[in-house]
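The structure appears right after this line, and notes come after that.
The values are calculated or read from the model by the stated rules, or taken from the named source; none is laboratory data. Treat the numbers as computed from the prediction; the structure is a model and nothing was measured. Because the Cβ atoms are built from the backbone with ideal geometry, glycine has one as well, and the counts that use them run over all protein chains shown. Heavy atoms of the whole protein, side chains included, go into the accessibility calculation; ligands, DNA and RNA do not. Shrake-Rupley method; radii C 1.70, N 1.55, O 1.52, S 1.80 Å.
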Amino acid sequence: MQLYDYFRSSAAYRVRIVANLKGIELEQVPVNLVKGEQRSDTHLSRNAQGLVPTLVTNDGECLTQSLAICEYLEECFPEPALLPSDPIARARVRALCQVIACEIHPLNNLRVLKHLTGELGLSDDNKLAWYRHWVRLGFDAVEAMLDASSDFCHGDNPTLADVCLVPQVFNAERFECDLGPYPRIRAVTERARALDAFAGAAPGKQADAI
């Protein structure tokens, strides 16, 4: 399978973590978002939104949206399980995923930040304030949702919630967000980053890292 990817995309980062946790070999094909390669006709034929990641399956199907790709891999490669078997626990993990992937990340991705400083004319300081505002609101909720007695977001093994959290923390660190108020988030992230699957998926470890 091929993963159309960008090293600093947190959405693509999620898919890389899942593939590593499950031992799935993917051929990574870099798409440089800064250079605008995502807007090429070739890439748009794979992903109508002009985003990454895109997963091309062995049957040639093009799958988009990171959470959909992650759940596809979960269904096709069920071990190790990244969603709990209990319906309530599974819903809790999905809720944590969606706080990050649906509430924090979309407001702070590259195209939104470019729109703020381009068409809307915001200064870099105002852009940074925007970014930190939405991270703070989201992380306030995530911190409250985490169980201090668990090693990871849910229980003592990584789930899809950790797969979403670690890339978002990476982004928050890039923009120098204050993570001091979030001891649970920091502890979970530290444990996850110590695992080879997370470490190997990190942006700095990718072939297209600059």
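Data for the structure
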| read-out | value |
| --- | --- |
| Distance between modelled label sites at Lys35 and Arg90, nm, 7 Å Cα→Cβ extension | 4.2 |
| In the range 1-41, GluC sites (Glu not before Pro) in a DSSP loop with at most 16 other beta-carbon atoms within 10 Å | Glu25 |
| Most mobile of Ala197, Ala89, Ala172 in a GNM of the chain (Cα contacts under 10 Å) | Ala89 |
| Cleavage-rule hits (GluC sites (Glu not before Pro)) in the range 70-139: DSSP loop, at most 12 neighbouring Cβ within 10 angstrom | Glu119 |
| With all protein chains modelled, accessible area of Asp147 [1.4 Å, Å²] | 70 |
| Whole-number accessible area per residue in Å² for the range 43-145, which is evaluated in the context of all protein chains at 1.4 Å | 54 |
| Dipole magnitude of the range 50-99, debye to nearest 20 (Cβ charges: Lys/Arg +1, Asp/Glu -1, about Cα centre) | 300 |
| Accessible area, probe 1.4 Å, largest first, for residues Ile210, Ile24 | Ile210, Ile24 |
| Heavy-atom accessible area order for Thr117, Thr54, largest first, 1.4 Å probe | Thr117, Thr54 |
| The range 21-48 residues near the modelled Lys205 label - backbone nitrogen below 11 Å, point 7 Å along Cα→Cβ | 21 |
| Computed accessible area, Leu195, all protein chains, 1.4 angstrom probe, square angstrom | 60 |
